[in-house]
Amino acid sequence: MQRPRAASLLTLTTPVLAALLAACSGPAEPARDTRAPSVPTAVTATAGSATTVHVMWSAATDDRAVTGYTVYRQGRKVRDLPAGTLMTDVTGLAPATAHTFTVRARDAAGNLSPDSAAVTATTLAATAEDRTPPTRPTALRVTPAGRDGATLTWRPGRDDTRVTAYDVYQADSRIHTVPGTATTARLSGLRPGTAYSFTVRARDAAENSSPDSDPADLTTAPASGARPNTAPTHVTARATKGALTLTWTPPRTGAPVKEYELHLNGRFATTIVWGAQPPPGPVSYTLTVPATPGVRHTLTLRAKLPDGTWGDFSAPRTAVTV
């Protein structure tokens, strides 16, 4: 009987063994992320009261993604924040004391950037109990500053002691703080083709805040090739007992707008529909809300366009129930 030669057996089995080994090895593991994010820049620290300092910075970058920031005071961690947050208030500080802050960025693999440049702010001296808030800032104006920025200017508020900070709000959320000696603020990172509404509050050393200034609206330029903004304009909101009344001017769409979508505090509230021909000028709608005094509500709305799609949201308006 003739036996098969060893060379033939090896020739037949080597490809099979190679395939089996490849199948057992599985997919290649992704390369481990060892690169740290860049250092946060433009770090500032502003004392807002005897016990509070407001820290801000510009976003860092990473080869994959920045996932958060850590704020340190005198080298000790005081805050961990998500990637979308570029400011924080550090509270519970000693009055009339210099405090030094740094910021580091981190990524999903836990890599930390080097420390930012250190910034120092001195908290204000403690004062006798103060319950009187400043008067509200007036004559607020907003102008575009490049494609994604804006500059706010206002006339100062007054206080029985002194104004120590001005807080800038957008849709009832604080987005910026400047010292009490300032009457201007520069904003960045705004989205294209978006309607914004800004207000400013004055704050004193006892953390009393003034009422909101009158709002100032800005619609940023659309992105290249994007359609014109289709948001309702001249929006006002007024609170009465158990109700909020919104008034606005319909957008120019080439046809009457018969349907709107109203959002309350960032969530869908109701659809407003005109069964007949809607009025060509300003229109109003009243929404019933719980009659709890002192509750802040933020309202936005958008129109249904002639092609059946929803247009852009209006600038937000805030009203406080009475």
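The values are calculated or read from the model by the stated rules, or taken from the named source; none is laboratory data. No experiment lies behind these values; they were computed from the predicted model shown. Cβ coordinates were reconstructed from backbone atoms using ideal geometry, including for glycine residues, and neighbour counts include every protein chain displayed.
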* Can you find a residue in the stretch 154-177 that is out of contact with any Ser or Thr (no Cβ under 7 Å at 6 or more places or on another chain), surrounded by fewer than 16 Cβ atoms within 10 Å (Cβ to Cβ) and over 24 Å from S58 (Cβ atoms)? -> yes
* To do: Search the stretch 190-200 for residues being in contact with a strand residue (DSSP E or B) (Cβ under 8 Å, 6 or more places away or on another chain) and free of Cβ contacts under 8 Å to residues at least 60 places away in the same chain, and hand back the single one that is surrounded by the most Cβ atoms within 10 Å (Cβ to Cβ).
  => F198
* Look at the stretch 27-67 and say how many of its residues are small (G, A, S), outside the structural domain of G92 (by TED's automatic domain parsing) and over 17 Å from A117 (Cα atoms). => 2
* Residue list for the stretch 209-228, filter: part of a loop (DSSP other than H, G, I, E, B) and either touching a Phe, Trp or Tyr at 6+ places or on another chain (Cβ under 8 Å) or crowded, with 19+ Cβ neighbours inside 10 Å (or both) -> S210, D212, S213, P215, T220
* Asked: Just for the stretch 297-307: of the residues that are touching a residue at least 40 places away in the same chain (Cβ under 8 Å) and over 19 Å from T247 (Cβ atoms), which one is nearest to the chain's Cα centre (by Cα)?
  -> L305
* **Which listed residue is farther than 26 Å from N265 by Cα and either touching a residue at least 60 places away in the same chain (Cβ under 8 Å) or not assigned by TED's automatic domain parsing to the domain that holds E259 (or both), from R174, R203, R162** => R162
* Asked: Which residue pairs have Cβ atoms closer than 6 Å, lie 6 or more positions apart in sequence or on different chains, and pair a first residue in the stretch 212-238 that is touching a residue at least 60 places away in the same chain (Cβ under 8 Å) and closer than 11 Å to R317 by Cα with a second residue that is surrounded by 15 or more Cβ atoms within 10 Å (Cβ to Cβ) and basic (K, R)?
  -> V235/R317; A237/R317
* Does L187 satisfy the condition of being in contact with a His (Cβ under 9 Å, 6 or more places away or on another chain), surrounded by fewer than 20 Cβ atoms within 10 Å (Cβ to Cβ) and hydrophobic (A, V, I, L, M, F, W, C)? -> yes
* To do: Among the residues of the stretch 125-151, count how many are assigned to a loop (DSSP other than H, G, I, E, B), of a type in the set (S, T, Y) and surrounded by 13 or more Cβ atoms within 10 Å (Cβ to Cβ).
  => 2
* To do: Tally the residues that are under 10 Å from T67 (Cα atoms), part of a loop (DSSP other than H, G, I, E, B) and either touching a Ser or Thr at 6+ places or on another chain (Cβ under 6 Å) or at pLDDT below 90 (or both), restricting the search to the stretch 86-124.
  => 1
* Is the stretch 247-267 home to any residue that is touching a strand residue (DSSP E or B) at 6+ places or on another chain (Cβ under 6 Å), within 20 Å of A171 (Cα to Cα), of a type in the set (S, T, Y) and outside any strand (DSSP E or B)? -> no
